[in-house]
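Worksheet: one structure, shown below.
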Amino acid sequence: MNKVVLITGASSGFGKATAERLSKHGYTVYGTSRKEMNDSNIHFIVMDVRERESVKKGVEKVVSESGRIDVLINNAGMGIGGSLELATEEEIDMQMGTNFGGCVNVCQAVLTIMRQQGGGQIINLSSIGGVMGLPYQGFYSASKFAIEGFSEALAAEVKGFGIKVSMVEPGDFATNFTARRLNSELTAKNSAYSASFARSLSLIEKEENGGLRPEKLAEKIEKIIECRKPKLRYVVANLEQKLSVLLKRILPGNMFVGILRNYYKV
Ligand SMILES: NC(=O)c1ccc[n+]([C@@H]2O[C@H](COP(=O)([O-])OP(=O)(O)OC[C@H]3O[C@@H](n4cnc5c(N)ncnc54)[C@H](OP(=O)(O)O)[C@@H]3O)[C@@H](O)[C@H]2O)c1
């Protein structure tokens, strides 16, 4: 029987590349977007991951059509750039509500189904920003650190039900993420952070735009699905960024902050 996979945020970037790859390889793929989408190979459903009712309806649709959900990939997400001091309440809600709240909403809706069917697999999109606090992407990092803590605890809670949980921690990839990033006007215009933010942001954008292709991540995700005993965490990044994750683990905290300040031209 073909595995049924639900991928949030399948209209673009990683989600799109993963949905296309899995559907080509025989999986039954359901993908979400906030807008109506049509595709001959992917079953699109309208879902805003921030809205619990929208999530509930979308998940019910998948189950009523396919009878089960074998794999959930929590991928929907976005980024906000700016200083932590000047982030507005609305920006913080948007960042945490989409990335972390969205992941929680969809997990909660799908876990009951996976438990009842006797197992399943959840793959949550974190980031190397979920391993280190990225300057001027602080609430983005906070949302991914939250996903890290949530997913680790979830893995412990649901292993006994036959549900496997993994996190993918990508480095820089060229997707629509960069163009869609919302940048804080309060930080950018006339603040104590403006000049340093401008330097950092141009570096961040340059690295993302020259980043790896999303198809590479899609290939990795398929391997994780096919692996009998998947790991809890997978770093998918270029060598330099993999090294930064290693340094984060071994260096004293303040020394690593110094490296971050220097690297991001803060
Ligand atoms: N690109 C990178 O370098 C990078 C690195 C590390 C981690 N990531 C993570 O990878 C994930 C995918 O990002 P991407 O790079 O593929 O970006 P992308 O090309 O901008 O795609 C983002 C996807 O998320 C969906 N989305 C956004 N807000 C949503 C909401 N409230 N409800 C439902 N769907 C929503 C979008 O769908 P609609 O707009 O159609 O609704 C879109 O399909 C994110 O979690 C991101 O944090 C990206």
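Numbers at a glance
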quantity: Additional length obtainable on full extension of the chain from GLU207 to GLN116, 0.36 nm per residue less Cα span; calculated: 28.4 nm
quantity: Per-residue [θ]222 nm for the chain (sum of -39500 (n - 2.57) over DSSP H runs n ≥ 4, rounded to 500); calculated: -15500 deg cm²/dmol
quantity: Nonlocal amide H pairs with GLY120, under 5 Å, H built at 1.01 Å; calculated: ILE163, LYS164
quantity: PHE161/LEU186 FRET efficiency (R0 51 Å; Cβ-Cβ; nearest 0.05); calculated: 0.65
quantity: Distance violations [Cα-Cα > 18 Å] among LYS159/LYS216; LYS35/LYS223; LYS16/LYS220; LYS220/LYS242; LYS61/LYS229; LYS216/LYS265; calculated: LYS159/LYS216; LYS35/LYS223; LYS61/LYS229; LYS216/LYS265
quantity: Estimated distance in nm for a label pair at ASN41 and LYS242, the labels positioned 7 Å out from Cα along Cα-to-Cβ; calculated: 2.8
quantity: Amide H contacts of MET167 (H built 1.01 Å from N, under 5 Å, at least 5 apart or other chain); calculated: ASN124, ARG233, TYR234
quantity: Label-zone membership for the stretch 161-181, site LEU232, 7 angstrom Cα→C-beta point, backbone N under 19 Å; calculated: 161-170
quantity: Fraction of accessible area attributable to carbon and sulfur, the chain (%, probe 1.4 Å); calculated: 52
quantity: Crossing angle, helix 253-263 versus the chain [Cα axis fit, 0-90 degrees, rounded to tens]; calculated: 80
quantity: Principal-axis tilt of helix 138-158 within the chain, Cα atoms, nearest 10 degrees; calculated: 40
quantity: Reach of LYS57 by Cα under 12 Å, taken over aspartates and glutamates that are not fewer than 8 positions away in the same chain; calculated: ASP48
quantity: Heavy-atom accessible area per residue - the stretch 170-266, 1.4 Å, Å²; calculated: 63
quantity: Calculated from backbone phi, Karplus (6.51, -1.76, 1.60) coupling profile of the stretch 88-100 in Hz, x at Gly/Pro; calculated: 7, 4, 5, 5, 5, 4, 5, 5, 6, x, 6, 6, 8
quantity: Helix axis angle, 239-250 relative to the chain longest principal axis, alpha carbon, degrees; calculated: 80
quantity: Placed amide H near ASN183: partners under 5 Å, 5+ positions off or other chain; calculated: GLY81
quantity: Dipole in debye (nearest 20) - the chain, about Cα centre, beta carbon charges: Lys, Arg +1; Asp, Glu -1; calculated: 760
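The values are calculated or read from the model by the stated rules, or taken from the named source; none is laboratory data. Note that the structure is a prediction, hence the values are computed from the model and not measured. As a convention, Cβ positions derive from the backbone with ideal geometry for all residues, glycine included, and neighbour counts pool all protein chains shown. We work out accessible area using only protein heavy atoms, side chains counted, and drop any ligands, DNA or RNA first. Shrake-Rupley method; radii C 1.70, N 1.55, O 1.52, S 1.80 Å.
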